1. Under the 0.36 nm per residue contour assumption, what length would be gained going from the current alpha-carbon distance of residue 95 and residue 149 to full extension?
2. Mind giving me the FRET efficiency for residue 39 and residue 204? R0 is 25 Å, r the Cβ-Cβ distance, nearest 0.05 is fine.
3. Roughly speaking, what is the stretch gain from residue 251 to residue 132, that is 0.36 nm per residue apart minus the C-alpha to C-alpha distance, in nm to one decimal?
4. Nearest 10 degrees, 0 to 90: what angle lies between the long axis of helix 198-244 and the longest principal axis of the chain (Cα atoms)?
5. Contour minus end-to-end for residue 259 and residue 22, with contour as 0.36 nm per residue of separation and end-to-end as the Cα-Cα distance?
6. I need the peptides 200-208, 64-72 ranked by packing, meaning the mean over residues of other C-beta atoms within 10 angstrom, with the highest value on top.
7. Can you give me the distance in nm between label points at residue 124 and residue 141, each placed 7 Å from the Cα along the Cα-to-Cβ direction?
8. Using only Cα atoms, tell me the angle between helix 37-50 and the longest principal axis of the chain; keep it within 0 to 90° and round to the nearest 10.
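What follows is calculated from the coordinates using simple rules that are stated; it is not laboratory data. Computed from a predicted structure; not experimentally measured. Note: ideal-geometry Cβ built from the backbone for every residue, glycine included; neighbour counts use all protein chains shown.
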């Protein structure tokens, strides 16, 4: 009996078969986190008229199946009331299944750029790929992969705002010129409030960076001025101490174009014969 089951299982590998939707488990490595209802409804309308044109990819897990690719099609099929869906059964390890699921989803056009960056990071971090490996697997340039990964420096709060207000990946990359999340949120609020395109957003960011540099320079000059003021006060205090002791000392401030000059005069007491 076991031999027959194995034979049957082998015959099903890489074949298109109908599988009950209730037997298909979601893929834990699905990079997409949001499935807008309007998208699934539109796909369901198409499937109800034309059927599922591209089979789902699954693998056998005991007496059930784990989805490798095709979650949107599965959701839409369930919405249509389909009890079964066409699937291709693959024989692969957990690792290869996860990699295939991530790669298949990254190559789709409907992932957000943040979801794509998270998926690429997972390929590299969890599955030991280098940036070069990931780039080759995805058919992208290494520089493109590196730029995608830089997006993960943006905090979840910023990501939510960027996605909510339909800002682009170029908006997100421009914001990375700002070092701190606090600064990015200030600028992001202005971009959203004034509905700025990428070019105007970049100008706003450059102006903000220039302003911050001016503030830092002023703060530095202010600190130097405070130190000079302390030094002048020390001179005045010394002169006052000498005067209190009966010495006719005095000080004089001379304002020049490039500097301030202080002259302190202390009389020399003559020796008595």
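1. Values: separation 54, 0.36 × 54 = 19.44 nm, distance 2.15 nm.
Extra length from residue 95 to residue 149 when fully extended: 17.3 nm.
2. Numbers: r = 32 Å, r/R0 = 1.29.
Approximately 0.20, to the nearest 0.05.
3. Details: separation 119, 0.36 × 119 = 42.84 nm, distance 7.10 nm.
That pair, residue 251 and residue 132, stretches by 35.7 nm at full extension.
4. 30 degrees
5. Values: separation 237, 0.36 × 237 = 85.32 nm, distance 8.45 nm.
76.9 nm is the gain from fully extending residue 259 to residue 22.
6. Values: 200-208: 15.7, 64-72: 20.8.
The densest-packed peptide leads the list: 64-72, 200-208.
7. Using points 7 Å along Cα→Cβ, the separation is 1.7 nm.
8. For helix 37-50, the angle is close to 20 degrees.
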